[in-house]
Amino acid sequence: MAVDETHPRRGLLLVISSPSGAGKTSLSRRLIAEHPELSLSVSCTTRAPRPGEQDGREYHFVTPERFDELVRDQAFVEHAHVHEHRYGTPRGPVEQLLRDGRDVLFDIDWQGAMQTAAAMQGDVVRVFILPPSMAELSRRLHARAQDAEDVIERRLGRAAGEIRMWAEYDYVLVNQDFDETYAELVEIYRAERLKRGRNLWLAPFVEKLLGEEP
């Protein structure tokens, strides 16, 4: 969707986090697919691509050495170690999208969410996705068949610590039913887009309105 030059606005950063398997990536992909005004933030990572992933689409796959260079250059909004690998969000593209009035979606863990909120105060909306139960979380991780058993066990072992960060988020959704959770996520996104401070056209509009003859 093209930026509406008659109604300029500042974009927002929609941060979605969850323990692995709770559904944040599936929710994020659907939200992106159905809302063309929303761009996915493509992170850098030191992990290897999974089957079907492409460099520059899901992630920018970089070496640990290159990642260190980007950290030294302060080129990231946030960066963190997650499941034995490193992830970071490039700063330049995000700041440009905000200025252009476009919204950016972040599919990142709680560490990245906290750093992003600190670095981009006023622009960030944080949503945490909870599983309905730990048993269901385990079932989903096994069902997606993306990781070896030892990796799944490590992810489940870390889930409790990730879930304990729920109170740091603006919104918390329990992903019992995917479609219902998605509908709630859409409501959050649309409401946040309407906030007064993000709609830069409102102040001059009101000033013009008050200057009109009744």
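Take region 99-120 and flag every residue that is over 28 Å from G157 (Cα atoms), among the hydrophobic types (A, V, I, L, M, F, W, C) and at pLDDT below 95. Within region 99-120, A119, M120 meet the criteria. Taking the criterion of being among the small types (G, A, S) and within 20 Å of S20 (Cα to Cα), the only residue of region 165-196 that qualifies is A167. Restricted to region 62-74, and to residues that are in a loop (DSSP other than H, G, I, E, B) and either hydroxyl-bearing (S, T, Y) or surrounded by 13 or more Cβ atoms within 10 Å (Cβ to Cβ) (or both), which residue is nearest to the chain's Cα centre (by Cα)? Filtering region 62-74 for residues that are in a loop (DSSP other than H, G, I, E, B) and either hydroxyl-bearing (S, T, Y) or surrounded by 13 or more Cβ atoms within 10 Å (Cβ to Cβ) (or both), the one nearest to the chain's Cα centre (by Cα) comes out as V62.
Return yes or no: is V77 within 27 Å of E187 (Cβ to Cβ), outside any helix (DSSP H, G or I) and modelled with pLDDT under 95?
Taking the combined requirement at face value, the residue satisfies it.
Could you give every pair whose Cβ atoms fall below 9 Å, whose first residue belongs to region 189-211 and is closer than 17 Å to L98 by Cα, and whose second residue is loosely packed, with under 10 Cβ neighbours inside 10 Å and β-branched (V, I, T), counting only separations of at least 6 or pairs across chains? Note: pairs meeting the criteria are W201/T6.
I need every pair where a residue in region 15-40 that is free of Cβ contacts under 8 Å to residues at least 40 places away in the same chain has its Cβ under 7 Å from the Cβ of a residue that is part of a loop (DSSP other than H, G, I, E, B) and not small (G, A, S), sequence separation at least 6 or different chains. So the pair list comes out as P36/M1.
The values are calculated or read from the model by the stated rules, or taken from the named source; none is laboratory data. On a predicted model such as this, the values are computed, not experimentally measured, just so you know. Quick reminder, even Gly has a Cβ in these numbers, built from the backbone with ideal geometry, and neighbours come from all protein chains shown.
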